[in-house]
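All remarks here apply to the structure that follows.
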Amino acid sequence: MTMKTPTTLVLATTLVGGLFLASCGNTAQDQSDKMENKMEGVQEELNEAFAADTRAEFERERTDVLNELRRMRDNIDAELANTNERLAKTDLKADKRAEQEALKVELVDQKARVEGLIANVEASQEGTWISVKEETKRTSDEVGSWWVRTKDNVDKLTDMDKDKDGH
């Protein structure tokens, strides 16, 4: 005899005994109603547990996205401050001033986009999270791509490799 057979025998005996005891003194309808109530209770508990996991996951994801967006905004703010410093110089040539002014406009525009994303993410709820997350991902990827190009252009404009990436 293997270990599986005694376990199966015990389970089968328990199941038959449970069914036998459950059928004593109750009508089929009573048994069905009790079982239905138990199943509804189990389903409610499962839904509550799933909602708690979903809520925790939503909060975690939202916090991560907000932190990344805030970091992106801070980087743009830092470059905007540097650009304003360069523009404050009185000896800046006209062509360099025009380039810096154009950069400032782009920085302000991208910062506004990121701040809009931050506001959307902060206002999001579990029911809207998936669409907000997708839109945020798409727009933040665009801003991130713009940021990489801009850093390279700033390096060229200022004759400095501030991010030490070789260009």
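The values are calculated or read from the model by the stated rules, or taken from the named source; none is laboratory data. All values derive from a computational prediction rather than experimental measurement. Because the Cβ atoms are built from the backbone with ideal geometry, glycine has one as well, and the counts that use them run over all protein chains shown.
When you go through Ala98, Ala123, Ala94 one by one, which is the residue that is over 12 Å from the mean Cα position of the chain (by Cα), within 21 Å of Trp146 (Cα to Cα) and not hydroxyl-bearing (Ser, Thr, Tyr)? Please lay out each step first, then the result.
Working: Ala123 fails: within 21 Å of Trp146 (Cα to Cα); Ala94 fails: within 21 Å of Trp146 (Cα to Cα).
Going through Ala98, Ala123, Ala94 in turn, just one is over 12 Å from the mean Cα position of the chain (by Cα), within 21 Å of Trp146 (Cα to Cα) and not hydroxyl-bearing (Ser, Thr, Tyr): Ala98.
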Region 121-135: number of residues that are loosely packed, with under 14 Cβ neighbours inside 10 Å, in contact (Cβ under 8 Å) with a residue 24 or more places away in the chain and under 16 Å from Leu69 (Cβ atoms): 1
Residue satisfying condition, being out of contact with any strand residue (DSSP E or B) (no Cβ under 7 Å at 6 or more places or on another chain), at pLDDT 60 or above, more than 27 Å from Ser124 (Cβ to Cβ) and basic (Lys, Arg), within set Arg97, Arg55, Arg62, Arg71: Arg97
Subset of region 98-135 [part of a helix (DSSP H, G or I) and more than 20 Å from Met72 (Cβ to Cβ)]: Ala98, Glu99, Gln100, Glu101, Ala102, Ile130, Ser131
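Looking at Asp33, Asp109, Asp91, Asp77 in this structure, which one is at pLDDT below 90 and charged (D, E, K, R)?
Numbers: Asp109 fails: at pLDDT below 90; Asp91 fails: at pLDDT below 90; Asp77 fails: at pLDDT below 90.
Unique residue meeting the criteria: Asp33.
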Residue identified as surrounded by fewer than 12 Cβ atoms within 10 Å (Cβ to Cβ) and not in a helix (DSSP H, G or I) among Asp64, Asp91, Asp95: Asp91
Some residue of region 104-117 being surrounded by 13 or more Cβ atoms within 10 Å (Cβ to Cβ), acidic (Asp, Glu) and closer than 23 Å to Arg55 by Cα: no
